[in-house]
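The values are calculated or read from the model by the stated rules, or taken from the named source; none is laboratory data. The structure displayed is predicted, hence computed values, not measured ones. Quick reminder, even Gly has a Cβ in these numbers, built from the backbone with ideal geometry, and neighbours come from all protein chains shown. Heads up: the accessible areas ignore ligands, DNA and RNA and are worked out on the full protein's heavy atoms, side chains in. Shrake-Rupley method; radii C 1.70, N 1.55, O 1.52, S 1.80 Å.
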Amino acid sequence: MTAVDGRTSSRSLMLEELRNAAKFLLVTHERPDGDAMGSLVGMDLLLRRLGKDVLSYLPSDEFPLPGEYAWMEIDDLVTEPPPDLAERVLVFLDCGNVARSRAGAFEEGAARVLNVDHHHDNTLFGTVDHVVAEASSTAEIVWDLMTGLGVPLDRRIGEALYVGLVTDTGRFMYENTTARSHEMAAAIIRAGVNVHEVYRRLYEGVPSGKLTLLARGLENLRRYEDGRLTLSQLSRRDFEEADARESFAEGVVDHLRALEGTAVAGLIRELDTGTFEVVRKVSLRSTDDRVDVSRIARAMGGGGHRRAAGFATQLELSELVDFLRREVRAQL
Ligand SMILES: [Mn+2]
């Protein structure tokens with residue numbers, strides 16, 4: 001694998017860092033998704049197999065985790081920076097820029113910063129950056145590093161990494177799915193992981209509020225630019241009436257993207273800020289190479305991949321829709 005900046009040596013540099021250090025603090029992005037959790041837990045377990053002293057950090061307000069991931073165990077979880085932070089190597093997983101993680105604030109205090117990620121617009125903020133843009137998921141990069149470190153795949157590591165792989169590839173449906181992604185899945189199955197069971201934990205047992213919220217998302221759908229831009233929005237009221245948590249909105253945008261004629265799909269949802277301030281989170285997906293949605297997201301201080309990106313904004317809804325229409329028109 002080659003790194004986003006063309007430095008093929010980033011893999012060996014990262015392996016050397018992981019081999020040499022003894023104490024780690026692992027972190028990921030806010031509102032962790034499947035790849036954030038999978039790569040965090042996978043890296044945590046594989047470093048333990050090497051006898052390292054490992055802590056994983058998730059801020060307390062991320063709990064309870066979304067039900068899909070609540071079953072994933074973390075052995076030495078911390079919700080505050082540890083007192084010995086200065087002795088630890090801080091490892092960011094699946095984090096395109098430090099602003100996406102509360103742990104961005106620890107950067108100054110840590111011994112070294114390692115950046116393991118697959119976002120092509122990663123800001124390369126680490127002491128060592130290993131950014132592999134063609135990897136389906138950060139979990140896939142962790143799997144490759146694990147192989148490089150000579151750690152055998154076992155059931156627990158396999159389960160964790162499978163969560164990252166299956167969620168970031170949209171169940172092997174998105175264009176980031178490669179032969180290598182399937183080889184990784186095959187290796188995980190051979191290691192004894194019951195992938196059907198993992199699939200059930202991730203995608204079944206759906207709380208009814210999640211389906212109600214999806215119904216709202218479909219009802220609120222609007223099409224622009226001759227149907228090439230499909231948008232929907234979820235207000236705080238939609239969340240309250242559906243009795244839905246923030247994380248229940250995950251996946252709604254995939255239904256919008258699937259709509260015939262759509263080049264770009266966007267879900268706009270009001271975040272629960274706990275104040276009168278209105279902040280909207282926008283998740284964007286594109287169906288093919290015509291539109292790079294990460295460019296749109298970056299224009300608003302966000303980021304992501306060419307076909308999946310997001311940002312947060314305080315723009316009024318109508319201004320926001322106008323902005324998205326303009327940006328999509330400019331690229332089509
Ligand atoms: Mn990811």
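For the reader, a short list of remarks on this structure follows.
- Amide proton proximity set for residue 28, modelled H, under 5 Å, gap of 5+: 93
- Descending by average beta-carbon neighbour count within 10 Å, the peptides 101-112, 32-43 line up as 32-43, 101-112, the highest first.
- When the Gaussian network model of the chain links Cα atoms closer than 10 Å, the mean-square fluctuations of 49, 88, 31 top out at 49.
- Residues residue 77 and residue 31, FRET efficiency given R0 of 25 Å [Cβ-Cβ distance, rounded to 0.05]: 0.90
- Highest mean first, the peptides 221-228, 117-124 sorted by other C-beta atoms within 10 Å per residue fall in the order 117-124, 221-228.
- Note on the range 79-102 and the range 220-256: Cα centroid distance 32 Å, given to the nearest whole angstrom.
- Once the Cα gyration tensor of the range 254-332 is diagonalised, semi-axes √(5λ) in Å: 22, 13, 12
- Subtracting the Cα-Cα distance of residue 70 and residue 111 from 0.36 nm times their residue separation leaves 11.7 nm of extension gain.
- For the range 7-90, a Kirkwood hydrodynamic radius built from all Cα pairs, placed in the Stokes-Einstein relation at 20 °C and 1.002 mPa s, yields a translational diffusion coefficient of 156 µm²/s.
- Here the chain exposes an accessible surface that is 47 percent carbon and sulfur, computed with a 1.4 Å probe and the other protein chains kept in place.
- The lysines whose alpha-carbon is closer than 30 Å to the alpha-carbon of residue 52, local same-chain residues fewer than 8 away aside, are 23.
- Whole-number percent relative contact order across the chain, with pairs defined as alpha carbons under 8 Å at least 6 apart: 12 percent
- Residues in the range 307-320 carry Karplus couplings, in order, of 9, 8, 8, x, 7, 10, 8, 9, 4, 4, 4, 5, 5, 5 Hz; the curve used is 6.51 cos²θ - 1.76 cosθ + 1.60 with θ = phi - 60°, and Gly or Pro positions show x.
- Label zone (residue 61, point 7 Å along Cα-to-C-beta; backbone nitrogen cut-off 12 Å) within the range 81-104: 102.
- Loop sites in the range 238-332: chymotrypsin sites (Phe, Trp or Tyr not before Pro), DSSP, at most 16 other Cβ within 10 Å: 276
- Report note on the peptides 178-188, 197-207: ranked by the mean count of other C-beta atoms within 10 Å, highest first, their order is 178-188, 197-207.
- Prolate/oblate/rounded label for the range 171-323 (Cα gyration tensor, a/c 1.5): oblate
- The helix-only estimate of mean residue ellipticity at 222 nm for the chain, built from DSSP H runs of length n ≥ 4 each weighted as -39500 (n - 2.57), is -11000 deg cm²/dmol after division by the residue total.
- Rounded to the nearest 20 debye, the dipole magnitude of the chain is 620 debye, with +1 charges on Lys and Arg beta carbons, -1 on Asp and Glu beta carbons, and the Cα centre as origin.
- Shape call, the range 32-168: gyration tensor on alpha carbons, a/c limit 1.5: rounded
- Evaluated over the chain, the Cα radius of gyration and Dmax, each in Å: 19.5, 58
- Residues of type lysines that residue 281 reaches as a straight line, Cα spacing below 30 Å, ignoring anything fewer than 8 places off in the same chain: 210
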